[in-house]
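I have placed the structure first, in the form of structure tokens, so that the comments after it can refer back to it.
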Amino acid sequence: MKANQEKKELRVGVVTSTYARHPDDCQVPWMRELIRRISPAGAAVHVLAPSHRGLRGHDIDGVPVHRFRYAPARFETLTHDEGAPNKVRSLWFKLLVVPYIVMGAIAVFWWCLRHRIRILHVHWPFPHGLWAVLPKWLLGVKVVAMCHGAELAIARRSGVVRRVLGWLLRRADLCCANSSHTAAELRRVSGREAVITPYGATVEARGPGHRSTGGIPMLLFCGRLIQRKGIDVLLRAMVQILGEKEVRLVITGEGDRKAEWQALSAELGLENSVRFAGFVSDGELAILYATCDVYVHPAIFDDNGDTEGLGVVLIEALAHRKPVVASAVGGIVDVIVDGETGLLVPEKDEAALAQAILRVLEDQDLAFEMGCKGFARVKRFFDWERITDQTVNLFASLVAPASKAEPGSGMTVPVVTERGPRNGQPVGGMTGSFPRPARQIPALCAARIDHDRDGRATFKAPRPDPISSLPRS
């Protein structure tokens, strides 16, 4: 009875700019999966999100999704699909930001009051952290600021955004990040430590499949076709790969760079080797994962300084026992262990990318071994059950009774720190000369969540505990 009562107290409002508009929508699938799991695990969840073209509130997976209006229906396109950071370069979309922020602040305050929300889980704290200010000050709502990287990239190029975001993060009750890269950026902006809370695979693995291209190796990329995905680098690498081996490349997803990259593919003479598949269903994507030979993720830092915060598609590829070739940028290094679960190369280096892909294609034993180790890594570090428990425990720590929240009595959150090579030497056999950062991944040793005198949660990192027992075969 007591446990059920404590669960009922976890009334959580998930604040986000983007959420599934209907059951088959592919928007932020990792967020949807987490919410679907934490609801029965101990939290009553409401999603608080903007409307899109007049969309009203609805339910997804049994979870209420509240939508607020901020403009006439035909103009409500600031969020969803491409995402706001790519749209605000337009003057029209910049003007939409003002009613978006104002109407969002009013709506979130009203929803907190009406549904007795006790915790706001705020994704992309700039600008959405502004919506949590009044609920925190006037209603005593606890605020968890969840950074994914895009907001921190904006802060790097704007002093105003940096100051506002830093102020919002310092006033949050708890800061979270999806990777060690994002956590480091958050620390630079706010001076605060973050609990690293990644996500797991959202496409169910169906086991290794057979090649669907008549024995010709298939490469796969999945994701939005935006600049930071680096598909132009992959297309140029394909020219070098085809000079030595016949392969096929399938690129799924949509985005503002699709037409440009299709034109580049034609210019490079790749029409018969590259297929732009557009959006695909989870079932179709599972088949592509199962039948591909190598998953390739050539991410880069884009013109705005943004890159991959984590890369859930990498986790999905590993869950399908596929070797991965990717750029060593952002949170990718939290997922891929160079030489074990895949190969990492410097960003924007098409020659290194081509060589790494050819190496995996030509060494089937290496590809198989990487696939097995990648699967083991996902099961160990990116397991949804562990992520769900961690998230619910973080929420519970914020609303724990005062008697349970005295300084020094903190709860534990699984975290492990993996160290890179000494003296900043290059990783494994990678081309280039960049260090591999230390990184934290939810797993083995305990990090502690304590509470200060005001009841605000504080993160205390444990002593580093290097990963030492990943399967070697």
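Which of the residues spanning region 264-291 are farther than 27 Å from Arg32 by Cβ and either not assigned by TED's automatic domain parsing to the domain that holds Lys245 or not in a helix (DSSP H, G or I) (or both)? Explain how you work it out, then say what you get.
Here is the first cut: in region 264-291, the ones farther than 27 Å from Arg32 by Cβ are 264-275.
Correct list: Leu268, Gly269, Leu270, Glu271, Asn272, Ser273, Val274, Arg275.
Restricting region 337-353 to residues that are crowded, with 24+ Cβ neighbours inside 10 Å and at pLDDT 95 or above, which is farthest from Arg236 (Cα to Cα)?
Among those residues, the one meeting the criterion is Gly342.
Working carefully through the options Arg36, Arg21, find the one that is among the charged types (D, E, K, R), at pLDDT 90 or above and in contact with a Leu (Cβ under 8 Å, 6 or more places away or on another chain).
Arg21
Of the conditions (1) farther than 26 Å from Asp349 by Cα; (2) out of contact with any helix residue (DSSP H, G or I) (no Cβ under 7 Å at 6 or more places or on another chain), Leu165 clears all except one; give me its number.
With respect to (1) farther than 26 Å from Asp349 by Cα; (2) out of contact with any helix residue (DSSP H, G or I) (no Cβ under 7 Å at 6 or more places or on another chain), Leu165 is out only on (2).
Could we say that Val141 is at pLDDT 95 or above and outside the structural domain of Lys322 (by TED's automatic domain parsing) here?
In short, yes.
For (1) crowded, with 17+ Cβ neighbours inside 10 Å; (2) without any contact (Cβ under 8 Å) to a residue 12 or more places away in the chain; (3) in a strand (DSSP E or B); (4) touching a His at 6+ places or on another chain (Cβ under 9 Å), each residue gets a yes or a no:
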residue	(1), (2), (3), (4)
Gln27	yes, no, no, yes
Trp30	yes, no, no, no
Ile38	yes, no, no, no
Ala49	yes, no, yes, yes
Asp59	no, yes, yes, no
Tyr70	yes, no, no, no
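Given the options Val392, Val313, Val296, Val325, name the one that is crowded, with 24+ Cβ neighbours inside 10 Å and assigned to a helix (DSSP H, G or I). Full working, then the answer.
Details: Val392 fails: crowded, with 24+ Cβ neighbours inside 10 Å; Val296 fails: assigned to a helix (DSSP H, G or I); Val325 fails: assigned to a helix (DSSP H, G or I).
Answer to the check: Val313.
Looking at the structure I just gave you, is Gln262 more than 28 Å from Glu369 (Cβ to Cβ), modelled with pLDDT of 95 or more and either buried (at least 22 other Cβ atoms within 10 Å of the Cβ) or over 17 Å from the mean Cα position of the chain (by Cα) (or both)?
Yes; evaluated as a whole, the condition is true for this residue.
Any idea which residue in region 312-360 is farthest from Met370 (Cα to Cα), counting only those that are among the charged types (D, E, K, R) and touching a helix residue (DSSP H, G or I) at 6+ places or on another chain (Cβ under 6 Å)?
Lys348
What pairs come up if the first residue lies in region 233-246 and is assigned by TED's automatic domain parsing to the domain that holds Ser265, the second is aromatic (Phe, Trp, Tyr), and their beta carbons are under 8 Å apart, counting only those six or more places apart or on different chains?
Cβ pairs passing all conditions: Leu234/Phe221; Leu235/Trp261.
Quick check: anything in region 179-187 without any contact (Cβ under 8 Å) to a residue 12 or more places away in the chain and charged (D, E, K, R)?
Yes, some residue in region 179-187 is without any contact (Cβ under 8 Å) to a residue 12 or more places away in the chain and charged (D, E, K, R).
Of the residues in region 103-119, how many are surrounded by 13 or more Cβ atoms within 10 Å (Cβ to Cβ) and in a helix (DSSP H, G or I)?
Qualifying residue count, region 103-119: 11.
The values are calculated or read from the model by the stated rules, or taken from the named source; none is laboratory data. Just so it is clear, the model here is predicted, and its values are computed rather than measured. Quick reminder, even Gly has a Cβ in these numbers, built from the backbone with ideal geometry, and neighbours come from all protein chains shown.
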